[in-house]
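Enquirer: Take a look at this one; I'll ask things after.
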Amino acid sequence: LAVAEYIWGWILGLTKSFPQLLNQQEKKIWMLPKPDFIFGKKLVVVGTGNIGREVIRLGKIFQVEIIAVNSSGTKVEGASKTYSTNELKEALPGAHYVVVAIPDQKSTFKMFNESVFPILNEETIFINVSRSSVIDEQALINSLNNKSIKCAVVDCFENEPLPSDSILWRIPNLYVTP
């Protein structure tokens, strides 16, 4: 439950422009951010173990369209559709939120790479709570720098603890958490 709450905390905070509001407060700027809503958006949950299932359960509260991705494509309660990991590219188009909570396995190594990130769009909030090996870190950096995705929340990296001179600390649309 704690990790699912962490994920939904970020989804809520980023959708409601909390980072922008905090930045504006620091600079003493009084300006409403562009309104945005979670209702009706598309959430893709990659990995349907305990964490993924809890994210899906909480997602029903916000009435999002939930797409699940797991190794077998076996139907998941609460998801409107389920894809296998081999069908990942079919599940991602139009995703507003992508939550990655899959195990570190040979079949998941760099699953999110230069051929997958371009499927996402400039409104996608990407959240990874899996092991770092699931993400091609350079592909993520490129997507963030090109603004081909809105932002990412990542809590696992190739080098941990993340070195203080890592470029990842300086990417404004990347939220680094330990």
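Here, each number is a calculation from the coordinates, and none is a lab measurement. What you see is a predicted model; the values in this text were computed from it and never measured. Every residue, glycine as well, gets a Cβ built from its backbone with ideal geometry; the counts of neighbours run over all protein chains shown.
Enquirer: Could you point to the label whose value was computed as Cα Rg over 2.2 N^0.38 Å for the structure here, given (i) 1.00; (ii) 1.14; (iii) 0.93?
Expert: This structure yields the entry labelled (i).
Enquirer: Of D104, D155, D165, which has the largest mean-square fluctuation in a 10 Å C-alpha GNM of the chain?
Expert: D165
Enquirer: For segment 46-113, what ratio Rg/Rh do Cα atoms give with a Kirkwood hydrodynamic radius? Before the final figure, lay out each step's value.
Expert: Numbers: Rg = 11.2 Å, Rh = 12.1 Å.
Over the Cα atoms of segment 46-113, Rg/Rh equals 0.93.
Enquirer: Under a Cβ-only charge scheme (Lys and Arg +1, Asp and Glu -1), can you give me the dipole magnitude of the chain about the Cα centre, in debye to the nearest 20? Let's see the in-between values first.
Expert: Numbers: 18 positive and 18 negative charges, 103 e Å.
Approximately 500 debye in magnitude.
Enquirer: Testing the spin-label approximation: label points 7 Å from Cα along Cα→Cβ at S80 and S133. State their distance in nm.
Expert: The modelled label-to-label distance comes out at 3.5 nm.
Enquirer: Okay, moving on. Show me, for segment 88-101, the HN-Hα J-couplings you get by feeding each phi into the Karplus relation (A = 6.51, B = -1.76, C = 1.60, θ = phi - 60°), rounded to Hz, glycine and proline as x.
Expert: Result, ordered by residue: 3, 4, 7, 7, 7, x, x, 5, 8, 10, 10, 10, 10, 9 Hz.
Enquirer: Please tell me which of these pairs span more than 19 angstrom C-alpha to C-alpha: K42/K110; K42/K150; K27/K150; K42/K81?
Expert: Correct reply: K42/K110; K27/K150.
Enquirer: Compute the signed sum of charges (Lys and Arg +1, Asp and Glu -1) over the other residues within less than 12 Å, Cβ to Cβ, of D104. Mind showing how you got there, number by number?
Expert: Values: positive: K106, K110, R131; negative: none.
Once positives and negatives cancel, what remains is +3.
Enquirer: What value, in deg cm²/dmol to 500, does the helix sum -39500 (n - 2.57) over DSSP H runs of n ≥ 4 give at 222 nm once divided by the residues of the chain?
Expert: Helices in the chain give a 222 nm mean residue ellipticity of -8000 deg cm²/dmol.
Enquirer: What percentages, rounded to whole numbers, describe P(r) for segment 1-81 computed over all alpha carbon pairs with 10 Å bin width beginning at zero?
Expert: Percent of pairs per bin, in order: 17, 42, 24, 13, 4, 0.
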